[in-house]
Each structure stands twice: as structure tokens, then as C-alpha cells.
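Notes for the one structure printed next.
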């Protein structure tokens, strides 16, 4: 099994995928690919855009091997390609992380959606995207694949977004053979996960990671940047005009 994915995550972001990533890495299935890897390596956006355009007909093995020798992959954008990845890695197991749809929607709306789509997020990413083109490509990839792609540009329609969420859940259950699938709530801890993967339960607490606080800090910084940058530029402009007037 060396050099290929052993676990594929089919659950949407904000269903406990950060905790699952940490758990898989603790159990020896790391490194684990996650959307945070795209944040660390914005150049990966080009691969995911190509995968989207070609309906998954890309060199998956080359990407996961050469990008970091990953043994597992969860979260967006991976979950959008779980079916083609199942075919590419026929011995890999599939984990569908689940969550109450109301709680999932609130969490996604207040974190990952707000980060790139609230007014401050749009301003910051447009500004930074011009300065760092690879970062801009990453944000456009996320919008194209997730918000415009998965949710058809209607994520703010709560009922529509929750229908998409639930239909994805049903589709995974229909598509993945039962012997390859674990439907998993991270609140269940180590037990079901370790049994499914055939490994011993670690003598340590399950990594229940709550990254909502991290998103709140990022959103606060976004708003501060979006307010302070124009104010600073205006102050510099007024100072320059005053000096020009005094010098004249």
C-alpha cells in the first residue's frame, strides 16, 4: 500500500474533517491531505481546477505522491472527487463524516463561507490576490469548485445548501460498497474509526479539534485590514496633499 491513498474522506468540510485529519495522522495514515494543504501550497489550485475541468481525469497518483506522499485525503476539494478516487485506489477505505445539517450550515456559513465571501473577505482576497497571483488562483479555485460548483452559487439559500448536503450524504451511502464505507461522527471518538481501519485504539484522547475560534480570529483580522488599509491610504493621501500645499 506504500505510495498511495489508504483512506478517502467523502464528507463535506465542517463535518469534523480537521479532527479526522489529526486522528488519521496519529493512527499512521498520514500525511493527510486537507483544504489546509491548499492554503499552504496555493500552486495546488491549478491541479484542482484541472481536475474539475476534466471531470477527475487527471494524474491522481502523481499528484498525491509528488505533493507530499499523502496516505489519506479528506475535506474539500477531495470529497467532490471521492468516486473517481475510489476507482483509482480500489483498496482504499472511504469515510463519510456526518453532522446535523442545521449545525453544519451555521458552521460553514460563519467560517469558511464568510472567510472568502463576506465583504471584508472579498476586499482582502482581491487585494492580496493582485499582489500574490498564486493566492488569487487558490481563492478562485475554492469559489469555482465549492460555492459555484457544489452549491450552484446558492449557498446563501439555506434550504438549498442543506438539500445539497443531505443529497451528497445519500449519494455516498448508495455509491460506496458497505465493506469499504464508514459513516462516522467524530463525536464517536476512536472506537469505530480504529475498528474500521483495523488498528489499535491509542492510549490518548481523541483529537476533537475546534477550529471555529481560529476562523473567528481570521475574520476579525480581515475586517480590521479591510477598514484600516483604506483609512491608512486616505491618511497618506491627505498628508501628501497637505505637504504639497504647505510647500507651495
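The values are calculated or read from the model by the stated rules, or taken from the named source; none is laboratory data. On a predicted model such as this, the values are computed, not experimentally measured, just so you know. Cβ: placed from backbone, ideal geometry, glycine included. Neighbour counts: every protein chain shown.
Here are the numbers:
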quantity: One residue from 71, 6, 26 being within 23 Å of residue 181 (Cβ to Cβ), surrounded by fewer than 18 Cβ atoms within 10 Å (Cβ to Cβ) and at pLDDT 95 or above; calculated: 26
quantity: Members of the stretch 74-87 found to be within 15 Å of residue 176 (Cβ to Cβ) and not in a helix (DSSP H, G or I), listed by number; calculated: 74
quantity: Cβ-Cβ under 6 Å pairs, at least 6 apart or on other chains, the stretch 201-212 side within 17 Å of residue 185 (Cβ to Cβ), far side assigned to a loop (DSSP other than H, G, I, E, B) and modelled with pLDDT of 90 or more; calculated: 206/189
quantity: Hey, residue 145 modelled with pLDDT of 90 or more, buried (at least 18 other Cβ atoms within 10 Å of the Cβ), part of a helix (DSSP H, G or I) and in contact with a helix residue (DSSP H, G or I) (Cβ under 9 Å, 6 or more places away or on another chain) or not; calculated: yes
quantity: Residue within the stretch 96-119 that is over 18 Å from the mean Cα position of the chain (by Cα), in a helix (DSSP H, G or I) and at pLDDT below 85 present; calculated: yes
quantity: Any hit, the stretch 1-16, residues being in a helix (DSSP H, G or I), in contact with a helix residue (DSSP H, G or I) (Cβ under 9 Å, 6 or more places away or on another chain), at negative phi and in contact (Cβ under 8 Å) with a residue 24 or more places away in the chain; calculated: no
quantity: Residue tally, condition out of contact with any strand residue (DSSP E or B) (no Cβ under 8 Å at 6 or more places or on another chain) and assigned to a helix (DSSP H, G or I), over the stretch 23-66; calculated: 24
quantity: Test: residue in the stretch 158-172 that is part of a loop (DSSP other than H, G, I, E, B), on the phi < 0 side of the Ramachandran plot and more than 20 Å from the chain's Cα centre (by Cα); calculated: no
